[in-house]
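One structure below.
We did not get these values from a lab; they are worked out from the coordinates using the rules stated. Everything quoted here is computed from the prediction, not taken from an experiment. Every residue, glycine as well, gets a Cβ built from its backbone with ideal geometry; the counts of neighbours run over all protein chains shown.
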Amino acid sequence: MKKNKLLCYVLSFTLGLSLFIPSALAVNAEELTDSSSETENSSMSHEALRFEVDSVSGYATVTEIFRVYGIGDNDIEYTIADETIAEVVEDTDENYLGIALLKAGTTTLSAKTSDGRTAEIDITVLEEEPTVCVTWGDLTGDTSFDLADVICLQKFLLGYDVQIVNISEADFNRDGQINIFDLCALKQELIRFTGWH
């Protein structure tokens, strides 16, 4: 009888312990989950503020759009040193930033988050490229499409030392090569253009 009683005490103690341990483990696991998410959140809030691009360069009247990383839940303030050269035109919730390029020059874009992190990039706005109008089929650069252009291409293909001013027009059929097919297409177009038979 004493053995049975002792056995009952041991069993009830073991059962009580086994019921207690999982709940204690669950609490510890929950605490671990909470602390790991806190660590994750704190590491995210300390991520370096950085721009997707190292610098911005382009012609006036263009808007460059790129991402800004590391903002998190912070407010951010953008400053351009010379706002006559460029200006911030788009600041969206998805952390995309648009910079309008206004006139030729160089300036700096600075960003600062509410928790004090900073980043900056250089902005270079180039002079506008001059617009060059090329007459279709004009190889010689005399602003007209005529027999001189056909002769120029023919001599070029035969190996004569001729200068083709508008080399893009020598590839008349736009297949990426300058060859006899371009000469044939150029001759056919000249006949169609001038009405020769």
Q. Where in region 67-91 does the amide nitrogen come within less than 18 Å of the point 7 Å from the Cα of Ala48, taken along Cα to Cβ?
A. 67-72
Q: Order by neighbour count: Leu109, Leu157, fewest other Cβ atoms within 10 Å first, most last.
A: Leu157, Leu109
Q. Based on the alpha-carbon gyration tensor of region 147-194 and its eigenvalue square roots a ≥ b ≥ c, which shape applies: rounded if a/c is under 1.5, prolate if not and a/b is larger than b/c, or oblate?
A. oblate
**Q.** Relative contact order %, region 50-126, counting alpha carbon pairs below 8 Å whose residues are six or more apart
**A.** 39 percent
